[in-house]
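Every number in this text was worked out from the coordinates using simple rules, so none of it is lab data. These numbers were taken from a predicted model, which means no experiment stands behind them. FYI the Cβ positions are ideal-geometry reconstructions off the backbone, even for glycines, and counts take in every protein chain you see.
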Amino acid sequence: MYRSDCRHFRGDIPCRPHKTFGVTCDNCSHYEQRTGRILIIKLGATGDVLRTTPILAPLRERYPGHEIWWITLSPDAVPSTVQKRLPWTWETALTVTQTSFDVVICLDKDVEACALAQQVDARERYGFTLVDGLPAPVNNLAEHKYITGIFDSANKANTKSYPQELMELCGFEWSGQEYEYDEQGNLPETWELVLKGQKGPFVGLNTGCGDRWIAREWPQENWAKLIRLLKKDGVTVVLLGGPAEHERNIGLMATTGAFYAGLAPLKEFINIVGRCDVVVTTVTMALHAAIARRRQVVLMNNIFNRHEFELYGRGVIVEPPVTCTCFFQHDCTNPSYRCMSELTPDTLLEAVRSRLAVLRQA
């Protein structure tokens with residue numbers, strides 16, 4: 001006898017309670033009835049996944065006992081409160097199109113994500129779907145987010161943060177729901193060795209901006225000057241970044257004496273961010289890691305609508321003193337100046353000082 005409606009039941013291999021305690025379905029005190037299934041399609045990169053997690057708590061409240069599945073390019077970033085964290089593969093697509101769901105929520109306007117959402121059998125639908133080969137809103141709840149994504153004028157006029165837009169798209173009330181993330185593990189050994197014995201406060205500097213939006217890049221000489229200014233304040237500076245920032249961080253370490261211990265896997269990188277008191281960054285995965293770990297943030301922004309970012313009262317947004325003319329563009333096209341070059345290290349220093357002052361008063 002087996003109970004396939006239990007949330008622990010796998011069907012292909014023994015469930016966790018059976019492996020841990022030796023129980024079977026006819027004598028198991030760990031039985032939890034699965035009353036339904038919810039599918040989230042949010043493929044994005046790690047930061048995009050992290051900033052989507054505020055929808056999880058209201059989903060659990062509205063649909064108690066439902067099993068949550070999430071399809072993504074970054075399954076490691078999905079918290080363990082999601083029962084099935086699925087990679088974006090053809091095997092996953094095949095599985096979900098042969099499974100019935102109570103709810104499907106597609107939060108991407110990528111054609112392939114919308115096409116999959118359209119094929120999934122579900123009683124309720126939120127977000128986006130495919131109509132005549134093009135992404136389209138499922139209902140009026142998704143209209144606002146859809147419009148801000150296709151017209152720059154609507155995007156610039158928007159005053160809602162990204163988490164608020166997602167919450168409303170799903171029919172929830174926005175009340176400041178936080179990111180969800182599994183806080184686990186330690187710092188990588190190399191980082192433990194580097195930071196052992198160092199005195200805080202620790203300020204992390206994520207020195208890159210990724211390859212998609214290079215208009216956000218801050219000059220390396222400005223990073224170097226900021227590091228020197230922070231060190232004069234008695235701050236321990238920790239350099240952050242991924243493969244794209246690796247060589248830059250090695251160079252900054254050599255010229256400024258800032259601490260850098262190399263690359264780290266995702267979860268360990270997020271733990272490094274969590275060790276920092278303040279994180280200075282452009283719009284990167286490090287930003288969302290800092291928000292998830294409840295760190296103070298100094299966010300440098302130029303090409304995006306500042307209202308998009310929800311810092312939960314733990315940060316400040318700093319923008320160039322000159323007008324950015326390259327809204328939502330890959331690279332700067334202004335022939336007269338590059339706005340991020342006009343954002344001075346002294347301005348960033350004052351922003352960091354303000355965040356450290358908040359921590360001292362807490």
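Send over the Kirkwood Rh of segment 61-203, from the inverse of the averaged 1/r over different Cα pairs, rounded to one decimal Å.
When all Cα pairs of segment 61-203 are included, the Kirkwood radius is 17.8 Å.
How do 134, 356 line up, fewest other C-beta atoms within 10 Å first?
Listed from fewest to most nearby Cβ atoms, that is 134, 356.
For the chain, what relative contact order do you get, as a whole percent, if you take Cα pairs closer than 8 Å and at least 6 residues apart?
Dividing the mean separation by the residue count of the chain yields 13 percent.
7 Å from Cα along Cα→Cβ at both residue 322 and residue 199: what's the point-to-point distance in nm?
Simple spin-label model gives 4.1 nm for this pair.
Give the separation of the Cα centroids, segment 18-43 to segment 193-265, in Å.
After rounding, the separation between the Cα centres reads 44 Å.
So how far apart, in nm, are the two label points at residue 250 and residue 359 if each is 7 Å from Cα heading toward Cβ?
Output for this residue pair reads 2.9 nm.
Going by a ≥ b ≥ c, the root eigenvalues of the Cα gyration tensor, does segment 1-150 fall in the rounded group (a/c under 1.5), the prolate group (a/b larger than b/c) or the oblate group?
Cα axes put segment 1-150 in the prolate bin.
For residue 102 paired with residue 350, estimate the spin-label separation in nm (one decimal), with each label point 7 Å from Cα along the Cα-to-Cβ line.
5.3 nm
Helix 266-275: angle to the longest alpha-carbon principal axis of the chain, degrees 0 to 90, nearest 10?
50 degrees
Would you calculate, for the chain, the mean residue ellipticity at 222 nm contributed by helices, counting each DSSP H stretch of 4 or more residues as -39,500 (n - 2.57) and dividing by all residues, to the nearest 500?
Taking each H run of at least 4 residues, the total per residue is -9500 deg cm²/dmol.
To the nearest 10 degrees, how steep is helix 345-361 against the longest Cα principal axis of the chain, on a 0 to 90 scale?
The angle comes out near 60 degrees.
For the chain, give me the percentage of DSSP beta bridges that are antiparallel, rounded to the nearest 5 percent.
Bridges in the chain are about 10 percent antiparallel.
Could you tell me the number of lysine pairs in the chain with C-alpha atoms less than 14 Å from each other, where the two lysines are 8 or more residues apart or belong to different chains?
Taking the chain as the scope, the lysine pair count is 7.
Within 10 Å of each candidate Cβ there may be at most 11 other Cβ atoms; applying that plus a DSSP loop requirement, which trypsin sites (Lys or Arg not before Pro) in segment 3-76 survive?
Filter output for segment 3-76: 10.
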